[in-house]
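Written out below as structure tokens is the structure these notes cover.
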Amino acid sequence: MTNNPNTGVREDENVANPRTPVSLLPPGRELPQQNVDARTESHYFGVTQEPLAGKAHLMKPTILVLVITAAVVLTIAVHSRGQGSPQPSQAQEAVTGFDDQSNGFSDPGRRTADQKFFEEVEHTAPDGLGPIYNAQSCRECHQTPVSGAASQVSEFRAGHLDPHGFFQNPEVPINRGTEVIRDRTLINDRAICPEIQEHVPETETIRTSRMTTSALGDGYVEAISDETLLKIRKEQCRASHRKICGQAVKVPVPEAEGPDRIGRFGWKDQHASLLAFAADAYLNEMGITSTLQKAEVTMTCNPAVATTVPNSDPTKVTEPNSQPDPNDNNLEDVDHFASFMRSLKAPARDEIAAVTPDAKRGAELFTKIGCAICHVDTIVTGKSPASPGGPGLHPEAVENRTIHPFSDFLLHDVGTGDGISVALIEHFGRQRVEKRFREESEAGETKGGATNQEDECSESYQTAVAEGEKHPKLLRDTLCARNKIRTAPLWGLRLRSRLMHDGNSVQLDDAIRRHRHEGEEVSERFFKLKPADQKAVLAFLESL
């Protein structure tokens, strides 16, 4: 096999999803202080795991075989009947535009305050920037053409496979080798002192860039019910004769400490809540801790910690860095970030380009060749799960709204997956992950788990997990998706100069050509179209 230039590993290794252990942490056992990955789980949980070799056939790429008329079904709007949502014809259209105004979720004054926090440039002290980080403000990565959108900025992630084919988080030495950064896949590009600048070791052969995602319209996306996403999944499985079945991974909602929700934010669907998404980025992209993400990645070079709160010394920081502000309804910075993102209008189409004959014809062909199986045109939102975030907010503004995201917000293997799994501690924090493992272990004693004959990464098993017939395991389910990527929402596509999760495509037809595995036959159908029809599909995409 040849080496994949993007990952540095054999192509067959990067395509196959690893099978993972079938039991979790016994009650009372603590998570070891090293990478939380399949190898660690197998060792500490007393499970003997077969190596990847000889098992790759269980997760081989599938080829889409479907009748064209079945694809038309996916253009019907999906809605949240279970939450009392109206029919698509009755629901109001979501607010769209690039005027930098609220979609109604927040009052003008609150919106202005939230945006100020989102655009604020952070400093080492007293804000808590770093010690390792990527950016000094949210706006630095989210600003084309308005605050909250995407940009050309990417982040870098890495890892490797062990001799048994299990994915391992990287081990990155800093401070002249006296400290090792573990439990995350992100490699930060900046540091507040030279001795802790991260560098990718040669052992970390799986490497990728991931482009900044847009937050435009995400308040609506957050309000899509789990039931709606599962209906989309069920329909695409049916329409494609189970050749295309998005994976729905249920993830924690840290601020609620209640039931999980299906992930929909981030390239790996690692978050279902915009507040959790904001806290994750604040820590891992900017190095600033909060009550949802309390632990620094490293304390080396960190400023001195103040002994009083609020902190009045500009040379010191508090821990966590961001604290509830008693003069601001006890809100934290991440509360403002989340309410700002919830207030963002959905991307508007190019009204002139959209009505051209080519674009109209292209929209029909987009559905006809099967693109709409995953890039779902119309969805109706349900009830917003937004937690209380102070005055001036109106969650009902994003509820029961018709949106046109051209995404199913599910995970798919389309041959471009980077092979990197979700680093649970990075995104949720060690304490929360330890608690989750204990709960999963207890749940496994009362709810059916896998048998020795079952492949827990198989579509059928993951369907049972999504539908509540099998108990979820966060580590296993995210490892199963390491070669999958969230279906990129195509609204606002014309704003992107670099395409796909890694930004390695700059032409639309190249991005289509790169769709393999679950998307292979749809991609082939596009290139079998007459040149004029291909041009029409591209014209449609350029109008989004």
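The values are calculated or read from the model by the stated rules, or taken from the named source; none is laboratory data. Remember, it's a predicted structure, so these values are computed and weren't measured experimentally. Glycine also receives a Cβ, built like all others from the backbone with ideal geometry; neighbour counts cover every protein chain displayed.
Of all residues in the range 112-132, exactly one satisfies the criterion of being surrounded by fewer than 22 Cβ atoms within 10 Å (Cβ to Cβ), among the aliphatic types (A, V, I, L, M) and not in a loop (DSSP other than H, G, I, E, B), namely 113.
Residue count for the range 525-544 under the criterion of being outside any loop (DSSP other than H, G, I, E, B) and crowded, with 16+ Cβ neighbours inside 10 Å: the result is 11.
Among what's in the range 200-214 and is among the hydroxyl-bearing types (Ser, Thr, Tyr) and farther than 16 Å from residue 416 by Cα, pick the residue that is surrounded by the most Cβ atoms within 10 Å (Cβ to Cβ).
212
Could we say that residue 135 is closer than 22 Å to residue 337 by Cα and either assigned to a strand (DSSP E or B) or not hydroxyl-bearing (Ser, Thr, Tyr) (or both) here?
yes
For residue 396, are the conditions met, namely being without any contact (Cβ under 8 Å) to a residue 40 or more places away in the chain, surrounded by fewer than 21 Cβ atoms within 10 Å (Cβ to Cβ) and more than 24 Å from residue 337 (Cβ to Cβ)? First the steps, then the outcome.
Details: without any contact (Cβ under 8 Å) to a residue 40 or more places away in the chain: yes; surrounded by fewer than 21 Cβ atoms within 10 Å (Cβ to Cβ): yes; more than 24 Å from residue 337 (Cβ to Cβ): no.
Answer is no for this residue.
So, residue 470, is that one surrounded by fewer than 23 Cβ atoms within 10 Å (Cβ to Cβ) and either outside any loop (DSSP other than H, G, I, E, B) or among the polar types (S, T, N, Q) (or both) or not? Judged against the criteria, residue 470 is not a match.
Starting from residues that are surrounded by fewer than 23 Cβ atoms within 10 Å (Cβ to Cβ) and among the hydroxyl-bearing types (Ser, Thr, Tyr), keep the ones in the range 343-383 and report whichever is farthest from the chain's Cα centre (by Cα). Selected residue: 356.
Where in the range 317-370 are there helices (runs of 4 or more DSSP H), lying fully within it, with 2 or more residues that are closer than 30 Å to residue 98 by Cβ and either touching a strand residue (DSSP E or B) at 6+ places or on another chain (Cβ under 8 Å) or among the basic types (Lys, Arg) (or both)?
Working: elements: 333-342, 351-354, 357-368.
The helices (runs of 4 or more DSSP H) meeting that bar are 333-342, 357-368.
Please find, within the range 191-226, the residue that is farthest from residue 266 (Cα to Cα) out of those that are charged (D, E, K, R) and assigned to a loop (DSSP other than H, G, I, E, B). Step through it out loud before you land on a result.
Step one: of the range 191-226, the residues charged (D, E, K, R) are 195, 198, 202, 204, 207, 210, 218, 222, 226.
Okay, now just the ones that are also assigned to a loop (DSSP other than H, G, I, E, B), so 198, 202, 204.
Details: 198: 23, 202: 27, 204: 22 Å.
The extreme case among them is 202.
Scanning the range 416-431 for residues that are crowded, with 18+ Cβ neighbours inside 10 Å and either modelled with pLDDT of 95 or more or farther than 30 Å from residue 500 by Cβ (or both) returns 419, 420, 421, 422, 423, 424, 425, 426, 427, 428, 429. Quick one: would you say residue 189 is farther than 27 Å from residue 299 by Cβ and in contact with an Asp or Glu (Cβ under 9 Å, 6 or more places away or on another chain)? Criteria not met by residue 189. Just give me the residues in the range 257-288 being more than 19 Å from the chain's Cα centre (by Cα) and surrounded by fewer than 23 Cβ atoms within 10 Å (Cβ to Cβ), in sequence order. Those that are more than 19 Å from the chain's Cα centre (by Cα) and surrounded by fewer than 23 Cβ atoms within 10 Å (Cβ to Cβ): 257, 258.
Among residues of the range 227-244 being surrounded by 22 or more Cβ atoms within 10 Å (Cβ to Cβ) and assigned to a loop (DSSP other than H, G, I, E, B), the one that is modelled with the lowest pLDDT is 240. For the range 255-289, the set of residues classified as of a type outside the set (A, V, I, L, M), over 28 Å from residue 232 (Cα atoms) and not in a loop (DSSP other than H, G, I, E, B) consists of 282, 284, listed by residue number.
Just checking, which of 263, 258 is within 16 Å of residue 462 (Cβ to Cβ) and not aromatic (Phe, Trp, Tyr)? Reasoning before the result, please.
Values: 258 fails: within 16 Å of residue 462 (Cβ to Cβ).
Within the list 263, 258, the selection yields 263.
Only residues that are in a loop (DSSP other than H, G, I, E, B) and over 17 Å from residue 541 (Cα atoms): list them for the range 504-518, please. Write out each step before concluding.
So in the range 504-518, the residues in a loop (DSSP other than H, G, I, E, B) come out as 504, 506-507, 514-516.
The answer is 504, 516.
For the range 362-405, the set of residues classified as more than 24 Å from residue 258 (Cβ to Cβ) and out of contact with any helix residue (DSSP H, G or I) (no Cβ under 8 Å at 6 or more places or on another chain) consists of 364, 402, 404, listed by residue number. Residue pairs whose Cβ atoms lie under 7 Å apart, separated by 6 or more positions or on different chains, with the first residue in the range 133-146 and polar (S, T, N, Q) and the second assigned to a loop (DSSP other than H, G, I, E, B) and surrounded by fewer than 18 Cβ atoms within 10 Å (Cβ to Cβ), are 134/189; 136/121; 137/120; 137/121. Identification of strands (runs of 3 or more DSSP E) wholly contained in the range 140-190 with 1 or more residues that are on the phi < 0 side of the Ramachandran plot and either modelled with pLDDT under 95 or polar (S, T, N, Q) (or both) yields 154-161.
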